[in-house]
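The values are calculated or read from the model by the stated rules, or taken from the named source; none is laboratory data. These figures come from a predicted structure and were not determined experimentally. Cβ atoms come from the backbone with ideal geometry, glycine included; neighbour counts cover every protein chain shown.
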Amino acid sequence: MPFKIYGFPPSTCTRRVALVCKELNVPYELIPVNIPKGEHKAPEYLKRQPFGVVPAIDDDGFTMFESRPVARYLVAKYGKGSTLVPDPKDIIATAKFEQAVSVENNHFDEPAGELFLQLVIKPMRGLPKDEERVKALLATLNSKLDVYEMVLAKQPYLGGDILTLADLFHLPWLYGLTEKAKLDLVTSRPNVARWYQEISSRPAWQAVKDGA
Amino acid sequence: MAILKLHGGKQATCTRRVATVLHELQVPFELIEVDVANGAHKSPEYLKIQPFGQIPYIDDDGFLLYETRAICRYIAAKYPEYGLIPTEPKANALFEQAASVELTNFDPSASKAGLQLWIRKMGYPFPTDDKIIADNLETLEKKLDAYEAILSKQRYLAGETITLADIFHLPYGVFVTYAGSESDSVMNRASRPNVARWYKQLISRPSWLAYLDGVTTTTAY
């Protein structure tokens, strides 16, 4: 029974899950949830995902949601030998991994997502940009990426010496802000640029970057 | 083995989250107060340890770690017998789902409204904004409707037993109630009896009650 992703191909979080499937060579079936038509708020979908967002997954009857936990589950179940999540017996490597995952979620995800909304989604829908908000978001994201620049000057990846999910989780927003919004947040910082170049050129990301 | 050092603030929101989990796991710790009022958390020496200039961080016999949920996970991993992070694969996946729900569906609005409500309650001289509080509480109400659906089928967010995912809702889960009363607040509404039940269970835990007046060095349990 193939791994089922209930999602929307261009959605950030759907692509995040598809990326990890590709990294682990897990074949998946994408069952479309039509966001523009509001299918994600329909009662049948809310039974799968009570917050009414995509994606949700069904792995031979085991159901769950939230893209980052799904990614962790994929590595745990299908990633034998994968180093995308450190061995839990290595408490220190795991702690540093969790620190990096927390940084992505607490410092990066919200301003990056809102900036993408302001600069790419709103124009696509013919809505006016909020210049004040864009300025504030750029200031926040720039200050966070200054820290990333410092951290990545001392180590190759956010969790330490090995590429992990903590790095890959950044891809959907970074790709959008760099390639679609054409910002220089990444390109203006040599260590961030090196790191982004490496993670974004992985075949798994290339396969899903424009649609899961 | 040196005692674990928690560098933070006695009343600080995220310091309290870590202290709650340390207490849950009966881990002795020393609170070392960071002089935030005088900008100590932005000094070059501090930024070498916590580059985002925030509190808290821990020093566990020389191992330095920041981000409260990472700290809590690290401590819980050291004491797996408490079961705050399930290890069986499906239970672990459902734990991660619940922890992510807290992070993406609760924390953004609860921390924004909660921080401001906490500032007002403590009488700190920082500006607060009625609209930020109101807008975020409104978002939170909708999110908690989904929580009601989840908690109507199981006792806690990851299943039948408490995990870190539930405990992570402290302290902001308490601070957002400052906008209401003991009998009617966003976490305790008649219209969401299961959320109310779960919330009351959280705030009656000894680990929460231990630091109601602020975090203190705890060497014995």
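Rundown of residues vs (1) surrounded by fewer than 20 Cβ atoms within 10 Å (Cβ to Cβ); (2) within 14 Å of A:S102 (Cα to Cα), yes/no style:
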{"site": "B:V34", "(1), (2)": "no, no"}
{"site": "B:H41", "(1), (2)": "no, no"}
{"site": "B:I49", "(1), (2)": "yes, no"}
{"site": "B:I58", "(1), (2)": "no, no"}
{"site": "B:G62", "(1), (2)": "yes, no"}
{"site": "B:Y66", "(1), (2)": "no, yes"}
Q: For residues that are closer than 13 Å to A:A207 by Cα and charged (D, E, K, R), tally how many sit in the stretch A:1-35.
A: 4
Q) Does the stretch B:64-110 hold any residues that are free of Cβ contacts under 8 Å to residues at least 60 places away in the same chain, more than 18 Å from A:D90 (Cα to Cα) and more than 9 Å from chain A (Cβ to nearest Cβ), and which are they? A) B:Y82, B:S109
Q. With respect to A:D130, is the statement that it is within 30 Å of A:P2 (Cα to Cα) and either more than 11 Å from chain B (Cβ to nearest Cβ) or crowded, with 19+ Cβ neighbours inside 10 Å (or both) true?
A. no
Q: Would you confirm whether any residue within the stretch A:54-75 is facing another protein chain (nearest Cβ under 9 Å), in contact with a helix residue (DSSP H, G or I) (Cβ under 7 Å, 6 or more places away or on another chain) and at positive phi?
A: yes
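Kindly establish whether A:P88 is within 11 Å of chain B (Cβ to nearest Cβ), over 24 Å from B:K143 (Cα atoms), free of Cβ contacts under 8 Å to residues at least 12 places away in the same chain and assigned to a loop (DSSP other than H, G, I, E, B).
On the way: within 11 Å of chain B (Cβ to nearest Cβ): yes; over 24 Å from B:K143 (Cα atoms): yes; free of Cβ contacts under 8 Å to residues at least 12 places away in the same chain: yes; assigned to a loop (DSSP other than H, G, I, E, B): yes.
The answer is yes for A:P88.
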(Q) Condition (residue is buried (at least 17 other Cβ atoms within 10 Å of the Cβ), hydrophobic (A, V, I, L, M, F, W, C), more than 8 Å from chain A (Cβ to nearest Cβ) and over 17 Å from the mean Cα position of the chain (by Cα)) applied to the stretch B:128-139: is it met by at least one residue? (A) yes
Q) Just one of the numbered conditions (1) within 23 Å of A:S11 (Cα to Cα); (2) more than 13 Å from every other protein chain (Cβ to nearest Cβ) is not true of A:A139; which one? A) (1)
Q.
Just the residues that are in contact (Cβ under 8 Å) with a residue 60 or more places away in the chain, within 14 Å of chain A (Cβ to nearest Cβ) and of a type outside the set (F, W, Y), please, taken from the stretch B:140-170.
A. B:A158, B:G159, B:T163, B:L164, B:A165
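Here's the yes/no breakdown for (1) outside the structural domain of A:C13 (by TED's automatic domain parsing); (2) of a type in the set (F, W, Y); (3) without any contact (Cβ under 8 Å) to a residue 12 or more places away in the chain:
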residue	(1), (2), (3)
A:F97	yes, yes, no
A:V101	yes, no, no
A:L117	yes, no, yes
A:L127	yes, no, yes
A:E132	yes, no, yes
A:K135	yes, no, yes
**Q.** Those helices (runs of 4 or more DSSP H) lying entirely in the stretch A:124-212 with at least 3 residues of a type in the set (A, V, I, L, M)
**A.** A:131-154, A:165-168, A:190-200, A:203-208
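Test of understanding: among A:S201, A:S143, which residue is over 22 Å from A:S67 (Cβ atoms), without any contact (Cβ under 8 Å) to a residue 12 or more places away in the chain and of a type in the set (G, A, S)? Spell out how you get there, then give the answer.
Working: A:S201 fails: over 22 Å from A:S67 (Cβ atoms).
So the residue among A:S201, A:S143 that is over 22 Å from A:S67 (Cβ atoms), without any contact (Cβ under 8 Å) to a residue 12 or more places away in the chain and of a type in the set (G, A, S) is A:S143.
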Q.
Here are the criteria: (1) outside any strand (DSSP E or B); (2) exposed (fewer than 13 other Cβ atoms within 10 Å of the Cβ). Tell me which single one A:Y45 does not satisfy.
A. (2)
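Results for (1) surrounded by 15 or more Cβ atoms within 10 Å (Cβ to Cβ); (2) not in a helix (DSSP H, G or I), shown as yes or no for each residue.
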| site | (1), (2) |
| --- | --- |
| A:I57 | yes, yes |
| A:R68 | yes, no |
| A:L74 | yes, no |
| A:K77 | yes, no |
| A:K80 | no, yes |
| A:L84 | yes, yes |
| A:I92 | no, no |
| A:F97 | yes, no |
(Q) Condition first: under 24 Å from B:A70 (Cβ atoms) and not in a helix (DSSP H, G or I). Now tell me which residues in the stretch B:149-208 satisfy that. (A) B:Y156, B:L157, B:A158, B:G159, B:T161, B:I162, B:T163, B:F168, B:H169, B:L170, B:P171, B:R205
